[in-house]
Amino acid sequence: GGSERRGAGGCVGKTSHGRGRGGRGGKGIECVGDWVKDLRPDGGPGETWAYSNWGYTLLGAIIGQASGQRYAEFLQRAFFDPLGMRHTFYADQRRVIPERATGYDQRPDGPLNVIEPRGRVLHPNGAAGWLSTVDDLARWNEALNVDRVLSRASIKRMFTPYRRKDGTSTGYAYGWDL
């Protein structure tokens, strides 16, 4: 949304393709919270809608603070490990992920994931940075279908596009572009 276009003060740098890059040593909630607290809304509640990664970045920071764990550790322990998703990880150029569909470069000190160096995946947060395999994504999908992750009511809400006050659909619902 408009707030994403305004930049984030000292919280993030901008990559050459205009996407935010994490900064300030992983102090996500302080950084993003300090940045957004004084922003004027783009419109009143229910009047406008615009996608923004910053909401997901802040959500990841809140989950980390509320759980007392790093965001990645929380998701790994709460979801991925119990679901048997053994090849889903936060981005790390040094980690070899079995059956991952991308290349590795063999370096003298060990293999290195071939990841677009300017991509957000190298700056993991609540909005980006997860790597997985087709098999693990199938496990995730199956868990959603049999109510192991969310209740049926939550899944229905997750896939129902948000509507503005005037009744028009945003075409977007809780992380899904519909």
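The values are calculated or read from the model by the stated rules, or taken from the named source; none is laboratory data. Source: prediction; values computed, not measured. Every residue, glycine as well, gets a Cβ built from its backbone with ideal geometry; the counts of neighbours run over all protein chains shown. Accessible surface is based on the protein model in full, side chains and every heavy atom, while ligands, DNA and RNA are left aside. Shrake-Rupley method; radii C 1.70, N 1.55, O 1.52, S 1.80 Å.
What's the total number of residues in the stretch 132-170 that are in contact with a Ser or Thr (Cβ under 7 Å, 6 or more places away or on another chain) and closer than 20 Å to Gly60 by Cβ?
Taking the stretch 132-170 as the starting set, the residues that turn out to be in contact with a Ser or Thr (Cβ under 7 Å, 6 or more places away or on another chain) are 132, 136, 161-164.
Filter once more, so that each one left must be closer than 20 Å to Gly60 by Cβ: 132, 136.
Selection size over the stretch 132-170: 2.
With within 18 Å of Ala72 (Cα to Cα) and either over 16 Å from the mean Cα position of the chain (by Cα) or exposed (fewer than 11 other Cβ atoms within 10 Å of the Cβ) (or both) as the only criterion, which of Asp166, Asp147, Asp136 stands out? Give the steps one after another, and end with the answer.
Values: Asp166 fails: within 18 Å of Ala72 (Cα to Cα); Asp147 fails: within 18 Å of Ala72 (Cα to Cα).
Unique residue meeting the criteria: Asp136.
If we only count helices (runs of 4 or more DSSP H) wholly inside the stretch 1-107, which ones have 3 or more residues that are farther than 21 Å from Trp176 by Cα and at pLDDT 75 or above? Those helices (runs of 4 or more DSSP H) span 53-67.
For the stretch 150-163, filtered to residues that are in a loop (DSSP other than H, G, I, E, B) and more than 30 Å from Glu99 (Cβ to Cβ), the residue that is least open to solvent (accessible area, probe 1.4 Å) is Pro161.
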